[in-house]
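This report refers to the structure that appears directly beneath it.
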């Protein structure tokens with residue numbers, strides 16, 4: 001790749017990955033806060049929203065990933081998807097108690113109607129976001145990288161979720177999230193930014209050369225990755241996908257409740273100032289660890305990532321004061337992001353050539369569907385009998401507690417146990 005082409009690639013990687021992750025942060029973390037603060041949602045309702053979105057993301061990625069392979073196109077889906085994604089985010093500015101009460105005066109509970117609308121529109125938004133980002137942007141990233149630079153590219157891609165958290169937290173730290181007008185402004189800003197990036201992509205992204213077979217059947221492509229013959233031909237890929245699912249189950253046990261844990265349980269109103277240094281350090285570490293992966297491979301790089309993750313869980317479980325929480329959060333974030341980088345790079349390296357779109361659905365199954373259903377469900381079960389607090393409006397809300405980190409630690413331990421036979425079953429000559 002020429003220097004100009006390489007610079008253009010990394011520019012596209014940074015802005016599309018960052019913008020996409022900012023949108024996902026608003027969905028995966030801020031929507032939870034949105035329905036909690038605006039409509040007094042319960043842990044089970046938050047879990048239902050995350051699970052519904054996970055199913056929508058998986059189905060969408062399977063359908064659109066296979067379609068983009070069939071057509072040999074990525075750019076159209078990426079740019080058009082980002083534009084529609086931004087428009088769908090703008091629609092959340094209309095989900096307010098005053099508007100819904102006026103539209104549905106006979107409803108027993110306007111808050112319940114609002115929660116239902118958020119869950120439905122979350123799935124609509126996920127359709128556009130997963131089409132653009134999960135299916136086609138990630139397939140494009142696989143297409144345009146190889147073993148010489150995949151770890152470095154994935155290190156940048158994997159650090160973006162926490163950079164996005166920093167951008168969102170920092171950008172909106174002065175907003176009063178107990179006021180509906182603050183949420184309206186947040187949705188307008190994020191939706192507008194995603195639309196602008198989608199338009200910019202029309203001039204920045206180039207379609208990679210993809211070999212398109214006229215004999216490929218679209219519906220056959222959708223289920224291609226689930227065929228036993230394909231699994232037998234690509235054992236390393238499926239081992240990585242199973243391990244990735246276990247990794248993300250651990251993350252999803254606590255992640256939907258993380259902001260609420262900081263603000264409601266620990267009463268850290270200034271948690272953004274505490275978390276910002278941890279996020280920056282974790283992002284830098286992940287970019288460095290991606291390059292280490294290129295040199296030492298998956299097997300030698302995954303264990304340190306998991307060790308950091310578990311150390312973070314243990315620290316967050318036992319301590320509640322500011323400094324230990326900062327240390328625990330830093331360790332957890334370093335393990336989380338570097339783990340995403342090494343798993344992501346390993347999956348891309350073992351994805352069959354010219355079929356990356358078909359396999360994005362499988363990646364989402366292990367990254368989103370299975371963890372998105374099981375993880376928040378475990379978290380909700382852990383918090384079922386959690387302490388409650390009375391709000392200003394007289395309603396009760398649950399208080400997340402440190403047990404979510406203990407449950408996440410147990411899930412991570414299961415992953416560590418799985419990795420032992422996984423590496424034994426893969427021949428040493430395979431260099432996993």
Residue 259 more than 19 Å from residue 362 (Cα to Cα), at pLDDT below 85 and out of contact with any helix residue (DSSP H, G or I) (no Cβ under 6 Å at 6 or more places or on another chain): no
Helices (runs of 4 or more DSSP H) fully within region 91-159 counting 2 or more residues that are closer than 21 Å to residue 47 by Cα: 110-129
Residue in region 141-156 that is under 20 Å from the mean Cα position of the chain (by Cα), surrounded by fewer than 24 Cβ atoms within 10 Å (Cβ to Cβ) and farther than 20 Å from residue 341 by Cα present: no
Members of region 53-68 that are more than 22 Å from residue 204 (Cβ to Cβ) and touching a helix residue (DSSP H, G or I) at 6+ places or on another chain (Cβ under 6 Å): 53, 54, 56, 57, 58, 60, 61, 62, 66
Residue that is surrounded by the fewest Cβ atoms within 10 Å (Cβ to Cβ) [pool: residues in region 277-291 that are in contact (Cβ under 8 Å) with a residue 60 or more places away in the chain and touching a helix residue (DSSP H, G or I) at 6+ places or on another chain (Cβ under 6 Å)]: 291
Verdict on residue 328 being in contact with a helix residue (DSSP H, G or I) (Cβ under 9 Å, 6 or more places away or on another chain), closer than 21 Å to residue 281 by Cβ, buried (at least 21 other Cβ atoms within 10 Å of the Cβ) and touching a residue at least 12 places away in the same chain (Cβ under 8 Å): yes
Residue in region 384-393 that is at negative phi, modelled with pLDDT of 80 or more and in contact with a helix residue (DSSP H, G or I) (Cβ under 8 Å, 6 or more places away or on another chain) present: yes
Of the criteria (1) surrounded by fewer than 24 Cβ atoms within 10 Å (Cβ to Cβ); (2) in contact with a helix residue (DSSP H, G or I) (Cβ under 6 Å, 6 or more places away or on another chain); (3) part of a helix (DSSP H, G or I), which one residue 182 fails: (2)
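The values are calculated or read from the model by the stated rules, or taken from the named source; none is laboratory data. Please read all numbers here as calculations on a predicted model, not as lab measurements. Cβ atoms come from the backbone with ideal geometry, glycine included; neighbour counts cover every protein chain shown.
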